[in-house]
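Worksheet: one structure, shown below.
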Amino acid sequence: YLIRKPPHTYHLQGDLAKAEAGYLSVIKKDPNFAAAYLNMARIFAYKGDANGMQKMLAQGFNLSVDSGLKASAAYSMAALYFARNDLESANHYADQAIALNSTYPLGWYMKGKIAYQDSLDKNKYSSADERRAKAQNAVFYLKRAINLNGNQSIAYVELGKALFALGEENEAKKIYAVGLATIEKDMSLGVLEKEKVQNSFAEARRSYLETQ
């Protein structure tokens, strides 16, 4: 749901003020331009304004007649609920994203991210076999996301975590190395987003790769 116009250029460069002004100008000129609302949702996400993000996503979703844009909005809603630790709602929207567009990598990424997070819940899954099955589901979803877009850098972060959880340490290390190399190739990320992904890799490496 990216607008290939100056507002999006500012967005990728990390100049959120100019990006926001540009998107609002587009909306003023064409209140039915769905993609502008979806991009504004990303601006609100940067600001930490969950309510503003949710409002923009709903408007963009309702205005869009394109299944790809709707899938993007559904994914963003899933991410919003994931951040609230509401995995059930997050999974609902991830399923919706995939139903709208089965070749949309971020839908599968979010399914994997949710499955991995779910696998950590020992209260919900008292059996190690149950938790392992969830981690295996995460690997399946995340590999699907990467097969659809080999430069989906954030998918490599979660895939590495899931592989480590399954005891596949060497494979996880390889995945992290490949993932780090994809960040600059990931055209879906702006400057600020690339920094966030790099921090995610660094955090994962501290958690799983450092040895005493």
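Data for the structure
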read-out: Region 75-160: radius of gyration over Cα atoms, expressed as a fraction of 2.2 N^0.38 Å; value: 1.02
read-out: Sequence of Lys18, Lys111 from largest to smallest accessible area, 1.4 Å probe; value: Lys18, Lys111
read-out: Residue of Met77, Met40, Met187 that the Gaussian network model of the chain assigns the largest fluctuation, springs spanning Cα pairs under 10 Å; value: Met187
read-out: Acute angle (nearest 10 degrees) that the helix 105-119 long axis makes with the longest principal axis of the chain, alpha-carbon atoms; value: 40 degrees
read-out: Rounded tilt (10° steps) of 67-83 against the dominant C-alpha axis of the chain; value: 60 degrees
read-out: Length-normalised contact order of region 1-137 in % [C-alpha pairs under 8 Å, at least 6 apart]; value: 14 percent
read-out: Links that overshoot a 25 Å alpha carbon limit, given the list Lys55/Lys185; Lys18/Lys194; Lys28/Lys113; Lys134/Lys173; Lys47/Lys113; value: Lys55/Lys185; Lys28/Lys113
read-out: Ser72 - accessible surface, heavy atoms, 1.4 Å probe, Å² rounded to 10; value: 10 Å²
read-out: Simple label model, 7 Å out from Cα along Cβ direction - Asn32 to Glu130, nm; value: 5.0 nm
read-out: The chain - mean residue ellipticity at 222 nm from DSSP helices (-39,500 (n - 2.57) per run, n ≥ 4, rounded to 500); value: -25000 deg cm²/dmol
read-out: Accessible area in the full protein assembly, largest first, 1.4 Å probe, for Arg42, Arg132, Arg206; value: Arg206, Arg132, Arg42
read-out: Accessible surface, 1.4 Å probe, highest first, among residues Leu180, Leu38, Leu189; value: Leu180, Leu189, Leu38
read-out: Set of region 155-171 residues, backbone N closer than 18 Å to the point 7 Å along the Cα-Cβ line of Asn199; value: 155, 157-158
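The values are calculated or read from the model by the stated rules, or taken from the named source; none is laboratory data. Keep in mind it's a predicted model, so treat the numbers as computed, not measured. As a convention, Cβ positions derive from the backbone with ideal geometry for all residues, glycine included, and neighbour counts pool all protein chains shown. The accessibility values were calculated without ligands, DNA or RNA, using every heavy atom of the protein model including side chains. Shrake-Rupley method; radii C 1.70, N 1.55, O 1.52, S 1.80 Å.
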